[in-house]
Amino acid sequence: MPDLNRLVSANAPMLFVLLWSTGYIGAKYGLPYAEPFTLLFLRFVLALALLAPLVMWLRPAMAMSGRERGHLMVSGLLLHGIYLGGVFAAIELGLSAGLTALVVGAQPLLTSLAAPLLFGERPSVRHWAGILLGLGGISLILGSGADADFPLAALLAAVAALVGITAGTLYQKRFCTQHDLLAVTVHQYLPTVALFGLVALGFETREVAWTAQFVAALLWLVLALSLGAILLLTYLIKHGEASRVSSLFYLVPPATAIEAWLLFGEPLGWVKVAGIALVALGVWLVMRRKSV
């Protein structure tokens, strides 16, 4: 068991980045066939349906107080509702996926500013150097290709996503780390489903073209993102410092850029390669533990 724990701990960060980075890819395949909040509603309903038998089989510790359930639901609304809703709304309103990722990419910086106040984490000079290198690398990867012609509402939606993912990470670290991973995920998804259902009901037609491509994209978003990546993120938040876990989000835009190059032939020039190298160096500086 100790060897298994070490194996999971060593590989969880990179596996999380690889899975999380495919979110934009899945959205690109799925959004032509369904409106954003309708797609998100279907995604989380299906995720809950798949989690139900898993919860019954593994029987995680679901017993908790009403206050604890409330904390889990608030963290879910922040991490999934506001973050994903903001990202999808920003893209739907005209903000490019690259610029949306650039705005949300400031999350590790905000987390590093807040973590000392909330948890007493004291980032070192090396840590801050890594944060700034990562931010600079993301700017190289995405900044030059960003489309500046977009409505203010789209930018505000991206900022809301940034606030959601930052506040959700910090809130979960503060109030939700003592619970079983599956229990956390189920309680987070319940209010998220309600939120997306209400928004889709009030503002969308809820029409879906059930093509093979849409079904494949939906299944990938559910299995790889809403189950695999979210369980990994919950594990990482539970077992790591908030600012170190957040630095992994710097690796998501570079990974997405490589995936888009491989899958869609989007250009990957030397500027992007240099940005990817800066991001990798920055995250290495943040994640590297002090020698003892």
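The values are calculated or read from the model by the stated rules, or taken from the named source; none is laboratory data. Everything quoted here is computed from the prediction, not taken from an experiment. Positions of Cβ are generated from backbone atoms using ideal geometry, with glycine treated the same way; all protein chains shown enter the neighbour counts. Each accessible area value is taken on the protein alone, full model and side chains, heavy atoms only, with ligands, DNA and RNA left out. Shrake-Rupley method; radii C 1.70, N 1.55, O 1.52, S 1.80 Å.
Of note:
- Which numbered condition GLU204 fails, given (1) under 22 Å from LEU72 (Cα atoms); (2) touching an Asp or Glu at 6+ places or on another chain (Cβ under 7 Å); (3) modelled with pLDDT of 90 or more: (1)
- No other residue among VAL74, VAL45 is modelled with pLDDT of 95 or more, out of contact with any Leu (no Cβ under 9 Å at 6 or more places or on another chain) and open to solvent by 40 Å² or more (accessible area, probe 1.4 Å) apart from VAL45.
- Long-range neighbours under 6 Å by Cβ, at least six apart or interchain, first residue open to solvent by less than 100 Å² (accessible area, probe 1.4 Å) within region 52-67, second at pLDDT 70 or above and not β-branched (Val, Ile, Thr): VAL55/LEU182; PRO60/ASP180; PRO60/LEU182; PRO60/ALA183; ALA61/ASP180; MET62/ALA183
- Looking only at region 57-71, and only at residues there that are small (Gly, Ala, Ser) and part of a helix (DSSP H, G or I), the one that is modelled with the highest pLDDT: GLY70
- When region 167-190 is filtered for residues that are open to solvent by 10 Å² or more (accessible area, probe 1.4 Å) and within 23 Å of ALA106 (Cβ to Cβ), the ones remaining, listed by number, are ALA167, LEU170, TYR171, LYS173, ARG174.
- Filter pass, VAL252 being modelled with pLDDT of 70 or more, open to solvent by less than 40 Å² (accessible area, probe 1.4 Å) and within 17 Å of PRO108 (Cβ to Cβ): yes
- Among (1) more than 21 Å from the chain's Cα centre (by Cα); (2) modelled with pLDDT under 85 - the single one LYS28 does not satisfy: (1)
- Look at region 21-41: where a residue is closer than 18 Å to THR192 by Cα and a partner is surrounded by fewer than 20 Cβ atoms within 10 Å (Cβ to Cβ) and small (Gly, Ala, Ser), sitting 6+ places away or on another chain with Cβ atoms under 6 Å, you get PHE41/GLY197.
- Among the residues making up region 191-235, those that are open to solvent by 60 Å² or more (accessible area, probe 1.4 Å) and not in a helix (DSSP H, G or I) are THR205, ARG206, GLU207, TRP210.
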